[in-house]
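Down below is the structure, laid out as structure tokens.
Nothing in this text is a laboratory measurement; each read-out follows from the coordinates by a stated rule. Just so you know, these numbers come straight off a predicted model, no measurement behind them. We place every Cβ from the backbone using ideal geometry, glycine too, and count neighbours over all the protein chains shown.
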Amino acid sequence: MGATRSVGRTGRSPPRDYAERVLKISEEIRDAIVAHARRDHPDEACGVVAGAQGSDETTRLIPMLNAARSPTFYEFDSMDLLRLYRELDERDEVPVVIYHSHTATEAYPSRTDIGLASEPAAHYVLVSTAASGAAEGPVEFRSYRIVDGVVTEEEVEVCP
């Protein structure tokens, strides 16, 4: 079985007002996502933040391995993805955030990212390590909704 980039559909529909939503994320999870992006630089990092079924709350970070091991592309390994979804089902969780990093460009979804976005209810977080690489320094941390090829940036509220 080959690797796949797409995170399968959970059957969740995007909230009606998804374009006006805000990603609320703890400082701890935000910092862990940034640390993962720095650690994997110069390759793109990727992962999921899970939350309870029916909620938009980010509760558990699940860093994933970029099976492509590429600075310009990421993909979730199909077996890792299968294990992830089984675990999410067992815990009554869903992927609230799907994240990855861009290592040489801004934190904005590429055409490939948009085309492969398959979770209409998820927040798609992009972290750009272009300015600082693996070192401490500035990064971009942005969140989007991607539904039917339409990208809508949303505010990120970092909670202590």
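Worth a mention:
- For the chain: relative contact order, % (alpha-carbon pairs under 8 angstrom, 6 or more apart): 30 percent
- Distance between the pseudo-spin-label points of Glu106 and Thr152 (7 Å out from Cα toward the beta carbon): 2.0 nm.
- Ordering Tyr108, Ile146, Pro160 by Cα displacement along the dipole of region 76-160 toward the positive end leaves Tyr108 in first place; charges were set at the Cβ atoms of Lys, Arg (+1) and Asp, Glu (-1).
- The chain - Rg and Dmax from Cα coordinates, angstrom: 14.3, 41
- Placing +1 on the Cβ of every Lys and Arg and -1 on the Cβ of every Asp and Glu, with no other charges, gives the chain a dipole of roughly 340 debye about its Cα centre.
- Ordering Gly51, Ala134, Pro71 by the projection of their Cα atoms onto the charge dipole of the chain, which places +1 on the Cβ of Lys and Arg and -1 on the Cβ of Asp and Glu, puts Pro71 at the extreme positive end.
- Sum of -39500 (n - 2.57) over DSSP H runs of 4+, divided by residues of the chain (222 nm, nearest 500): -6000 deg cm²/dmol
- Integer Hz, Karplus 6.51/-1.76/1.60 couplings in order for region 133-142, x for Gly and Pro: x, 7, 7, 4, x, x, 9, 9, 10, 10
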